[in-house]
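Heads up: the structure comes next, in structure tokens.
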Amino acid sequence: MDREILTRQIRDNLDVVGVIGRYLPLKRAGANFKGLCPFHQEKTPSFHVHPGRQTFKCFGCGAGGDIFKFIQLREKVDFLEARRMLADLAGISLEDEKRGGVRGPTKSDLVGVNDWAQQVFRRQFIGVAGADARNYVTQRGISAESVEQFGIGLALDRMDGLIEEARKARIDVAKLLAAGLVKQSERGGHYDTFRHRLMFPIPDINGRIIGFGGRTLGEDPAKYLNTPATTIFDKSSNLFGVDRAKHAAGKTGRTVVVEGYTDCIMAHQAGFTETVATLGTAMTDAHAALLRRYADRVILVFDSDEAGQRAAERAVSVTLSSGLDVWMARVPEGKDPCDYILAAGAEAFEAVLRAGVGALEFKWRQVAREYADSATSPARKRAVDAFLEQLTVWAGHGVIDPIQRGLLVNQLSKVLGLPAEDLHRQLDRLARRSTRSRLAASKPEAGPGDRSTSPRQVALQQVIEVLLNEPRQYPSVGTWFDPGEIRDSELAEVGRELKATLEGEREFRLDEFLGRFESEASGRLITDLQIRGERRGQYGEVIAAARECIEACNRLSESSALVDALRQPRDTQPSEEGKDGQSQEDGLLRALASSARQRHFSPARVRRRFIQET
């Protein structure tokens, strides 16, 4: 496959916010996102991510570009290695590039076969074989409307139920295998991954089915089973119900996170449509980045048992460090959210959510309880050290400010009977150690300076700045904009590539244009140019002024050339040739005068000035 096409596929399958959000906390700022720059040390966020343009820009150190440039800078790799890493993330094989074609099922194929499987599971749920599944759903209090909305289905209690349906539909078993719907046996055959299970389709944020969760209807010790990792499904970066919850979260300003599929469905059924569920795994940084796209506040609702509390502790650490406003809510009486909503109703569940405590308070109560329950000094010291280290991490991420730190340390001082000064010193030591252990941040490089101060060069640069923002202006500059006149080699390369791109047939996209340049410096330069042009605005007026400036510069250059020509020694050949020489000189003077009219020079004045100077 053509390299450019494959690179475009990688770019189109990834989102700049999602990619960068794996590395650092981002907070929404209007239509964009911002955070602390990962490429230089700063306390006030100057790092901006633009989903619309699929680019990033730091206004502190100047770094900028697309997802490829970000990976190059963050992972300290070249373009080819960054491309390989992003291809892996997008589930695209670069081996296809060498072999001249795509091998095996594509991501689109997997989505398609999942859609087909969902239809099969739905038919089986509704059919005669689905009686037990329907009874289970009814007992859990899930309404017929919710069953329809969430597409609940049934996998038959057969080893080859789905395989047989695929054979009838003439679907290649290789697609089922790639989608995780079947597995390969030791003898080389295949068998269904999901058997005798209630099936919950798992859509991504765009509503495409990327995997399934199955709840056993028998005695299988594996109560819940998810689709194994595929090129489109990773349970550590997806959340159940996020496709339905994202709009509600934006309206309510909060996202409710529960543990199970039925907990999530019941919450939606009760009107809490901003609810999502983890997929049987602990909260991850990727989950936090996904939640942060839609709301700043997260309410974590976990079961009251020991496993639920461990999950809550992990979730608090992850979500807090991601810059989210995290609250913990606990369902009373040892129930899970699904059973509690059924028993107590929506108003009671809302009261549970409102009674939640902030994550800092939650962690404080936890360490105080561990300290009180510890019978030995080493165990108590470990509890205190763990809390102090957590405070250091939060402080480094900007989660707590100096005032909050002081209050927490004073509380800890009273519980431990230790001077607050000693605890502050310990925190300072931990902070210094944390700083030393971080990746050494190099001194920010100076941003690209002004490319040139000559009028012609400034005008040419401003044309590029406009075209990067408003490519539709190109027809008005195509006849006179010449990148070959640009003296700066880097800027000239950008100009040449921009002209070639705009003369092509494909629609201009800034992220694709950035992808044409493999160097990090080019990403910095192009984003600088784009932002300058955007801030200046008035694209039509800038183009008109640039053209006028370049034309004036051209006239001035012609004048200089004519003066240089006239300064050459006059021909002293015989008179018949002297007439031609005099005629030639008069023509030069007329041209010079015409070129200089804007400075109000008459032909006579030009001749006098020429005689004086020569």
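The values are calculated or read from the model by the stated rules, or taken from the named source; none is laboratory data. Because the structure is predicted, anything quoted here is derived from the model rather than measured. Neighbour counts run over all protein chains shown; Cβ positions are idealised from the backbone, glycine included. Ligands, DNA and RNA are excluded from the accessible area calculation, which covers all protein heavy atoms including side chains. Shrake-Rupley method; radii C 1.70, N 1.55, O 1.52, S 1.80 Å.
Tabulated values for the structure
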read-out: In the range 215-233, the residues that are closer than 11 Å to G180 by Cβ and either open to solvent by less than 40 Å² (accessible area, probe 1.4 Å) or modelled with pLDDT under 90 (or both); value: N226, T227, A229, T230, T231, I232, F233
read-out: Looking only at the range 1-41, and only at residues there that are aliphatic (A, V, I, L, M) and more than 15 Å from K57 (Cα to Cα), the one that is most open to solvent (accessible area, probe 1.4 Å); value: I5
read-out: The range 494-505, residues that are surrounded by fewer than 17 Cβ atoms within 10 Å (Cβ to Cβ) and either within 11 Å of G478 (Cβ to Cβ) or touching a residue at least 12 places away in the same chain (Cβ under 8 Å) (or both); value: R496, E497, E503
read-out: Qualifying residues in the range 291-321 (those that are surrounded by 22 or more Cβ atoms within 10 Å (Cβ to Cβ) and assigned to a helix (DSSP H, G or I)) - the one modelled with the lowest pLDDT; value: L320
read-out: Count of residues meeting criterion [among the hydroxyl-bearing types (S, T, Y) and open to solvent by less than 30 Å² (accessible area, probe 1.4 Å)] in the range 235-256; value: 2
read-out: Residue match in the range 513-523 (condition: out of contact with any Asp or Glu (no Cβ under 9 Å at 6 or more places or on another chain) and at pLDDT 80 or above); value: no
read-out: Of all residues making up the range 102-115, the number that are modelled with pLDDT of 95 or more and open to solvent by 40 Å² or more (accessible area, probe 1.4 Å); value: 1
read-out: Any hit, the range 479-491, residues being among the small types (G, A, S), in a helix (DSSP H, G or I), surrounded by fewer than 17 Cβ atoms within 10 Å (Cβ to Cβ) and over 28 Å from the mean Cα position of the chain (by Cα); value: yes
read-out: Failed item, numbered, when V49 is tested on (1) open to solvent by less than 70 Å² (accessible area, probe 1.4 Å); (2) among the aliphatic types (A, V, I, L, M); (3) in a helix (DSSP H, G or I); value: (3)
read-out: Residue in the range 172-186 that is among the β-branched types (V, I, T), within 25 Å of D243 (Cβ to Cβ) and out of contact with any Pro (no Cβ under 6 Å at 6 or more places or on another chain) present; value: no
read-out: Q124 being free of Cβ contacts under 8 Å to residues at least 40 places away in the same chain and open to solvent by 90 Å² or more (accessible area, probe 1.4 Å); value: no
read-out: Per-region count, the range 509-546, residues open to solvent by 30 Å² or more (accessible area, probe 1.4 Å) and of a type in the set (F, W, Y); value: 1
read-out: Enumerated strands (runs of 3 or more DSSP E) restricted to the range 133-247, each holding at least 1 residues that are touching a residue at least 60 places away in the same chain (Cβ under 8 Å), within 30 Å of D15 (Cα to Cα) and under 33 Å from the mean Cα position of the chain (by Cα); value: 197-203, 209-216
